[in-house]
Amino acid sequence: MQVWSKITYEAFIRRAQIFKSVQKIAANLSKNLSKDKKGLFIDCGSNLGQGFTFFEQYFPLKIFDYILVEPNPFCEEELIKKINQKKQEGSINLITKAASSSEGTTKFFGLVEGNRGKVTEAASILKDHASSWYTHSEEDAITVETFSLADVIRNKASFYKIIVVKMDIEGAEYDVLDDLVKKGVHKKIATIFTEFHSQYMTEPDKTIYENREKVIIQSFNNDKIPFHLWT
């Protein structure tokens with residue numbers, strides 16, 4: 001979630017530090033890649049392609065294929081434009097479904113509550129993911145398809161030397177990450193950048209989800225999978 005009016009000074013500094021570290025992380029991961037031995041970057045929560053534009057500077061298309069994941073149908077046109085602008089440089093695929101633990105359908109909330117209208121960065125399949133800001137409208141929610149991120153990673157792992165994941169999916173990350181760990185698929189990830197959203201929740205959810213964060217991070221650490229907080 002990247003709504004600048006809500007970001008504190010401390011969060012701004014933290015974001016600057018994270019951005020600075022990305023270059024070092026990318027350089028380390030990229031040194032053994034080539035056009036014949038490529039990596040895969042999965043961008044969960046692409047919105048209008050802001051994350052892709054940033055990360056592609058450091059994880060370039062010449063050695064990384066990309067999968068952009070964005071269930072918001074109102075973002076699709078802009079994402080396709082961005083893909084078409086870069087498609088001569090490498091492979092970019094778009095999944096217009098929500099990253100989840102399984103295939104199916106679900107409600108998608110927050111398309112009218114955010115300050116950017118229907119292309120808001122604050123839409124989610126988790127109804128109360130930003131309960132400290134506003135109450136999501138049931139009647140304005142839409143239905144979107146879901147897919148298993150674990151299945152995609154498992155299926156792609158044999159085709160790529162490394163897989164990098166960025167996950168900014170507005171509260172849905174908890175179930176998705178739990179599922180990756182439960183199935184052992186997190187071990188196929190070289191590194192992951194994740195924004196947690198407990199900071200935007202009210203109690204008791206805030207504490208409940210903060211505790212889940214600790215367990216998730218510890219699970220990745222136990223298996224020596226670098227876990228980087230995104231913001």
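Please determine whether any residue of segment 75-95 is in contact with a Lys or Arg (Cβ under 9 Å, 6 or more places away or on another chain) and in a helix (DSSP H, G or I).
yes
For PHE59, only one of the following conditions fails: (1) more than 16 Å from the chain's Cα centre (by Cα); (2) touching a residue at least 60 places away in the same chain (Cβ under 8 Å); (3) in a loop (DSSP other than H, G, I, E, B). What is its number?
(1)
Listed here are the residues, each with its yes/no results for (1) free of Cβ contacts under 8 Å to residues at least 12 places away in the same chain; (2) over 17 Å from the mean Cα position of the chain (by Cα).
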site	(1), (2)
LEU33	no, yes
PHE41	no, no
PHE64	no, no
ASN72	no, no
GLN88	yes, yes
THR105	no, yes
VAL119	no, no
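Check VAL152 against each of (1) in contact with a helix residue (DSSP H, G or I) (Cβ under 6 Å, 6 or more places away or on another chain); (2) in a helix (DSSP H, G or I) and name the one condition it does not meet.
(1)
Filter segment 12-42 down to residues that are surrounded by 14 or more Cβ atoms within 10 Å (Cβ to Cβ) and under 15 Å from ALA190 (Cβ atoms), then give me how many there are.
Residues flagged as surrounded by 14 or more Cβ atoms within 10 Å (Cβ to Cβ) and under 15 Å from ALA190 (Cβ atoms) within segment 12-42 amount to 11.
Hey, any hits in segment 198-210 for a residue that's modelled with pLDDT of 95 or more, of a type in the set (Val, Ile, Thr), within 16 Å of the chain's Cα centre (by Cα) and not in a loop (DSSP other than H, G, I, E, B)?
No, because not a single residue in segment 198-210 is modelled with pLDDT of 95 or more, of a type in the set (Val, Ile, Thr), within 16 Å of the chain's Cα centre (by Cα) and not in a loop (DSSP other than H, G, I, E, B).
Could we say that LEU111 is part of a loop (DSSP other than H, G, I, E, B) and either under 30 Å from ASN28 (Cβ atoms) or among the hydrophobic types (A, V, I, L, M, F, W, C) (or both) here?
In short, yes.
List pairs: first residue in segment 136-147 and more than 14 Å from PRO73 (Cα to Cα) and without any contact (Cβ under 8 Å) to a residue 60 or more places away in the chain, second residue part of a loop (DSSP other than H, G, I, E, B) and of a type in the set (Lys, Arg) anywhere in the structure, Cβ distance under 6 angstrom, at least six positions apart or on different chains.
HIS136/LYS127; PHE147/LYS97
Name the residues in segment 114-133 that are touching an Asp or Glu at 6+ places or on another chain (Cβ under 8 Å), surrounded by fewer than 21 Cβ atoms within 10 Å (Cβ to Cβ), at pLDDT 75 or above and among the small types (Gly, Ala, Ser), would you?
none
Confirm whether THR207 is more than 19 Å from SER124 (Cα to Cα) and polar (S, T, N, Q).
yes
Here are some residues: LYS182, LYS187, LYS224. Which one is free of Cβ contacts under 8 Å to residues at least 60 places away in the same chain, closer than 26 Å to GLY39 by Cβ, in a loop (DSSP other than H, G, I, E, B) and over 15 Å from the mean Cα position of the chain (by Cα)?
LYS224
Would you pick out the residues in segment 134-151 that are more than 16 Å from ASP175 (Cα to Cα), surrounded by 18 or more Cβ atoms within 10 Å (Cβ to Cβ) and modelled with pLDDT of 95 or more?
VAL144
Say whether the condition of being touching a strand residue (DSSP E or B) at 6+ places or on another chain (Cβ under 8 Å), part of a strand (DSSP E or B) and not polar (S, T, N, Q) is met by at least one residue in segment 22-34.
no
Would you say PHE109 is of a type outside the set (Asp, Glu), farther than 29 Å from LYS187 by Cβ and surrounded by 15 or more Cβ atoms within 10 Å (Cβ to Cβ)? It would help to see each step written out before you state the result.
On the way: of a type outside the set (Asp, Glu): yes; farther than 29 Å from LYS187 by Cβ: yes; surrounded by 15 or more Cβ atoms within 10 Å (Cβ to Cβ): yes.
When the stated conditions are applied, PHE109 passes them.
Looking at segment 128-171, which of its residues are of a type in the set (A, V, I, L, M, F, W, C), within 17 Å of TYR200 (Cβ to Cβ) and more than 14 Å from the chain's Cα centre (by Cα)?
Answer for segment 128-171, where residues must be of a type in the set (A, V, I, L, M, F, W, C), within 17 Å of TYR200 (Cβ to Cβ) and more than 14 Å from the chain's Cα centre (by Cα): ALA130, TRP133.
The values are calculated or read from the model by the stated rules, or taken from the named source; none is laboratory data. Everything numeric here is computed off the predicted structure, so don't read it as measured data. Here Cβ is always computed from backbone atoms with ideal geometry, including for glycine, and neighbour counts include all displayed protein chains.
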